[in-house]
């Protein structure tokens, strides 16, 4: 089967070229710099005649890290267990052989590896391999899973280590990764400010982790797919009050469900049944109202629609303007001119 190019160059060039972390031909320096992002590990060059040419590009977004790296030579990597984070590796070219727990994954541009924190790990990285990766802090991953389940985790999360990027269940992940790496790769000016926004970055973190939990099999997949009981109306009112009081905070669906004391599925079911909307749409509407309040108080001489919209977590100004006009019957610029 012909290999597909799932993760091509970004709109502005190679992925993450604007976030260089290191570049070196020294083995010890490469090990040290990689350890700062991941964990202590053993690293050795395999074979002879090929000089190391290690590079990493990296951007942190709350509890996740977005990166790209290569070693420029065949290397063996032995970290033992990752312990404090999960790692998803997606080769752009070349490949890796990943020994993880009792499984072996031949990772290629069609097959990603999904590495769990508590399983043993060793890798053989091919000389011509260039890969994208997503690092997720274990505490953040487990917190999101607990919020979706509405209860505690009795065991550590263990993913199936092989992710076929050709399977239908992985397509949402592939689309999300292309968007995310392109968005980070263009993070200059207003784009950079949006990524630094706590409101926006919280949604990115939530989206990445939720997509992984729903698209890649793991030991809690069956529980996540179960339908829970519908939420009672008083839980909905509790979430509505919480949103009104905290709309300025980087709220996620998991945090709303945790505040309500139910699973995310039950929260969605309750809002669909009793409000004919979703919890995040309710939050979005609350923020639109706050934007309007600020626009009515503001002067066009001292602020702009963009500044106020970004402050309230609206990163796509075209969509924001359309949503605002649909809600209030006029464009935000007209409101500001009043």
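Each value in this text was obtained by applying a stated rule to the coordinates, not by laboratory testing. Predicted model only: the values in this text are computed from it and were never measured. Positions of Cβ are generated from backbone atoms using ideal geometry, with glycine treated the same way; all protein chains shown enter the neighbour counts.
Numbers for the structure displayed
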| read-out | value |
| --- | --- |
| Length added when fully stretched, residue 106-residue 278, from 0.36 nm per residue minus Cα-Cα | 57.9 nm |
| Residue order, fewest to most beta carbons within 10 Å, for 66, 204 | 204, 66 |
| FRET efficiency, residue 97 to residue 154 (Cβ-Cβ, R0 35 Å, nearest 0.05) | 0.60 |
| Helix 264-275 axis, angle to the chain major axis (alpha carbon atoms, nearest 10°) | 20 degrees |
| Alpha carbon Rg of the range 126-176, scaled by the compact-globule rule 2.2 N^0.38 Å | 1.47 |
| Rg [Å, one decimal], Dmax [Å, integer] - the range 283-337, C-alpha atoms | 9.8, 29 |
| Estimated distance in nm for a label pair at residue 118 and residue 322, the labels positioned 7 Å out from Cα along Cα-to-Cβ | 4.4 nm |
| With eigenvalues of the C-alpha gyration tensor scaled by 5 and rooted, the range 66-178, Å | 24, 17, 12 |
| Rounded tilt (10° steps) of 198-215 against the dominant C-alpha axis of the chain | 60 degrees |
| Scattering curve values for the range 195-338, log₁₀ I(q)/I(0), Debye with Cα scatterers, q = 0.17 Å⁻¹ | -1.00 |
| 18 Å reach of a label modelled at residue 241, 7 Å along Cα-to-Cβ, counting backbone N of the range 283-300 | 283 |
| Pairwise FRET efficiency - residue 198 versus residue 330, Cβ, R0 = 22 Å, nearest 0.05 | 0.15 |
| Sites residue 51 and residue 178, calculated FRET efficiency, Cβ-Cβ separation with R0 35 Å, nearest 0.05 | 0.65 |
| Where Rh is the Kirkwood radius over Cα pairs, Rg/Rh for the range 30-97 | 0.95 |
| Cα-based equivalent ellipsoid, the chain: semi-axes from gyration tensor eigenvalues, Å | 39, 26, 16 |
| Residue order, fewest to most surrounding Cβ atoms within 10 angstrom, among 19, 235 | 19, 235 |
| Most mobile of 251, 87, 171 in a GNM of the chain (Cα contacts under 10 Å) | 171 |
| Principal-axis tilt of helix 27-37 within the chain, Cα atoms, nearest 10 degrees | 20 degrees |
| Per-residue Cβ neighbour rank within 10 angstrom, fewest leading, 277, 108, 252 | 277, 108, 252 |
